[in-house]
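**Q** Quick one: the structure is below, and I'll ask about it shortly.
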Amino acid sequence: MTCPGTISSLVSKEVLGWSQAVAVDPSEVLALPASVRAVVKGKAGVTPKVFVMNPSLSESFGAYNHEELLGKNWSAIFKDAKAGVRSAMSEGTFIQAGKVVKIADAKIEKWQSAAGSAIEAKLVAIEDDATFVFETAAGKTIRTTADKLSEESVTRAKALATE
């Protein structure tokens with residue numbers, strides 16, 4: 001039998017490929033917002049439990065317990081949750097946490113990383129003044145933080161956000 005710690009580690013690696021993971025100790029559940037506690041109570045079983053929610057914690061896209069995670073077929077396990085998140089994002093109903101500045105009429109430009117590599121994409125949003133959201137010509141969304149972009153790219157992106 002796989003121990004819960006191993007499953008937690010494996011699930012975190014999978015989820016981080018398309019989302020952000022937040023760990024909550026069972027003793028901290030009462031500190032969660034009431035809507036989140038309701039989702040947590042709806043999924044019985046041993047730890048770990050995985051809940052896929054939007055950043056504002058107002059909508060749940062899936063809940064999984066230890067037994068469900070034992071299969072380790074992540075693409076099948078998280079298929080519905082990923083589809084729900086993708087759909088909500090494309091429909092504009094995926095409620096973001098904090099401030100989001102959307103860039104109107106963005107054009108594809110070359111953006112430089114701090115490491116020296118570059119991508120050609122359009123800047124579509126800046127979230128919480130720290131996360132830059134780009135969209136490539138192929139429609140792929142790329143999220144990155146200011147520390148991973150060159151200073152010139154960060155300055156240009158912030159200038160576009162204030163226009």
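Here's the yes/no breakdown for (1) charged (D, E, K, R); (2) over 22 Å from Val85 (Cβ atoms):
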site	(1), (2)
Gln112	no, yes
Ser117	no, yes
Ala125	no, no
Gly139	no, no
Glu152	yes, yes
Ala157	no, yes
Ala161	no, yes
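**Q** Can you tell me which residue among Glu120, Glu91 is under 25 Å from Gly62 (Cβ atoms) and among the acidic types (Asp, Glu)?
**A** Glu91
**Q** Same structure, new question: Being more than 28 Å from Met53 (Cβ to Cβ), surrounded by 17 or more Cβ atoms within 10 Å (Cβ to Cβ), over 15 Å from the mean Cα position of the chain (by Cα) and not β-branched (Val, Ile, Thr) narrows it down to one of Ser113, Ser153, so name that one.
**A** Ser153
Listed here are the residues, each with its yes/no results for (1) under 13 Å from the mean Cα position of the chain (by Cα); (2) touching a residue at least 40 places away in the same chain (Cβ under 8 Å); (3) farther than 26 Å from Ala34 by Cβ.
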site: Asn54; (1), (2), (3): yes, yes, no
site: Leu69; (1), (2), (3): no, yes, no
site: Lys72; (1), (2), (3): no, yes, yes
site: Phe78; (1), (2), (3): no, yes, no
site: Ala88; (1), (2), (3): yes, no, no
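**Q** Taking the stretch 94-141 only, how many residues are more than 19 Å from Thr155 (Cβ to Cβ), small (Gly, Ala, Ser) and in contact with a Lys or Arg (Cβ under 9 Å, 6 or more places away or on another chain)?
**A** Total satisfying the criteria: 1.
**Q** Take the conditions within 14 Å of the chain's Cα centre (by Cα), modelled with pLDDT of 85 or more, of a type outside the set (Phe, Trp, Tyr) and under 24 Å from Arg37 (Cα atoms) and apply them to Ala97. Does it pass?
**A** No: the conditions fail for Ala97.
**Q** Checking Lys43 against (1) among the basic types (Lys, Arg); (2) closer than 27 Å to Asp129 by Cβ; (3) at pLDDT below 70: exactly one of these is not met. Which one?
**A** Evaluating Lys43 over (1) among the basic types (Lys, Arg); (2) closer than 27 Å to Asp129 by Cβ; (3) at pLDDT below 70 leaves (2) as the failure.
**Q** Oh, and also: Among the residues of the stretch 85-102, is any of a type in the set (Asp, Glu), on the phi < 0 side of the Ramachandran plot and surrounded by 15 or more Cβ atoms within 10 Å (Cβ to Cβ)?
**A** no
**Q** I'd like the residue in the stretch 46-76 that is at pLDDT 75 or above and among the β-branched types (Val, Ile, Thr) and, out of all such residues, is farthest from Phe94 (Cα to Cα).
**A** Val50
**Q** Then there is this: So which of Asp129, Asp105 is within 17 Å of Pro55 (Cα to Cα) and at pLDDT below 90?
**A** Asp129
The values are calculated or read from the model by the stated rules, or taken from the named source; none is laboratory data. Quick caveat: nothing in here was measured; it's all calculated off a predicted structure. With ideal geometry, Cβ positions are generated from the backbone for all residues, glycine too; neighbour counts draw on all protein chains shown.
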